[in-house]
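First up is the structure itself, then whatever we jot down about it.
The values are calculated or read from the model by the stated rules, or taken from the named source; none is laboratory data. If you're wondering where the values come from, they're calculated on a predicted model, not measured in any experiment. So basically every Cβ, Gly included, is an ideal-geometry build from the backbone, and we count neighbours across all protein chains shown.
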Amino acid sequence: MKEIRWHGRGGQGAKTVSQILAQINLREGKHVQSFPEYGPERSGAPVRAYNRISEEEILIHSGVYHPDISVVIDETLLDSENPTEGLNPQGTLLVNTKRSPDEIRKLTGFSGEIICLDAHEIAKGAGIGFPNVPMLGAVAAVLGTDPKLAEEELKATLSGRLPPEVVDKNLVAFREGYEAAKGARTNAPA
C-alpha cells in the first residue's frame with residue numbers, strides 16, 4: 001500500500017488533486033482512499049489531503065501518519081507545518097519550489113528522496129493559475145502511473161467543470177509536472 005499526504009492551503013486544490021489521483025488509481029483497478037483534513041475552513045489556511053492506494057482492500061480508516069510520499073504544494077508550509085513528520089525515510093518528499101533538493105534537505109533534515117519542481121512556473125507557462133495539477137503529474141511519475149491513463153482521467157474529471165481550452169491547459173501542466181519529476185528521478189545521484 002502507498003500512502004500519500006498532500007500539504008497545501010485552502011483554495012490551492014490539494015483536496016481536488018487527491019480525489020483525481022484516487023480516480024486515476026481506481027481506473028487502474030486499485031483500491032483507493034481520498035480524504036481531506038481541514039483546520040479553520042478559510043482560503044489560505046493550511047490543508048492536508050490524503051490518499052491510500054493498494055492492490056488489496058484497504059481496511060485502515062484513519063489519517064495518514066507515515067506516508068510514503070509527502071507533497072508540498074505551497075513551500076511556505078515548510079516553515080509552518082512539518083511535511084516530513086512520519087515520512088518514510090525511504091519515501092519521497094515532493095516540493096513545489098525553485099530551491100534545490102540540497103537546500104530542501106538542509107531545511108527539513110529529510111534523508112530520503114527529494115524532488116523539487118517549480119510547479120508555479122509550470123502552471124503559469126501552461127496558462128493555468130494553480131500548481132496543484134503539475135504536482136499531481138509529479139506524484140503520478142513517482143508512483144509509476146501510466147501517464148496516458150492519468151491524462152484520460154484528468155480530462156474526464158475536468159471536462160464537466162471547465163471549458164475545453166482550460167482542460168487542455170491543465171493536461172499540458174500535468175504532462176510537464178510528470179516529466180519534471182521523472183527527469184529529477186533519472187538525474188538524481190545514486
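For VAL142, the conditions (1) under 18 Å from GLY13 (Cβ atoms); (2) modelled with pLDDT of 95 or more; (3) of a type in the set (A, V, I, L, M) are fulfilled apart from (1). The set of residues in the stretch 109-125 that are in a helix (DSSP H, G or I) and surrounded by fewer than 20 Cβ atoms within 10 Å (Cβ to Cβ) comprises HIS120, GLU121, LYS124, GLY125. Exactly one residue out of LYS106, LYS98 is over 15 Å from ALA14 (Cα atoms), in a helix (DSSP H, G or I) and modelled with pLDDT of 95 or more, and it is LYS106. When VAL71 is tested against the conditions (1) touching a Lys or Arg at 6+ places or on another chain (Cβ under 8 Å); (2) surrounded by fewer than 21 Cβ atoms within 10 Å (Cβ to Cβ), the lone failure is (2). Between VAL64, VAL95, the distinction of being within 19 Å of PRO134 (Cα to Cα) and crowded, with 22+ Cβ neighbours inside 10 Å belongs to VAL95 only. Scanning the stretch 130-161 for residues that are in a loop (DSSP other than H, G, I, E, B) and either surrounded by 15 or more Cβ atoms within 10 Å (Cβ to Cβ) or polar (S, T, N, Q) (or both), which turns out nearest to the chain's Cα centre (by Cα)? Top of the filtered list is PRO131.
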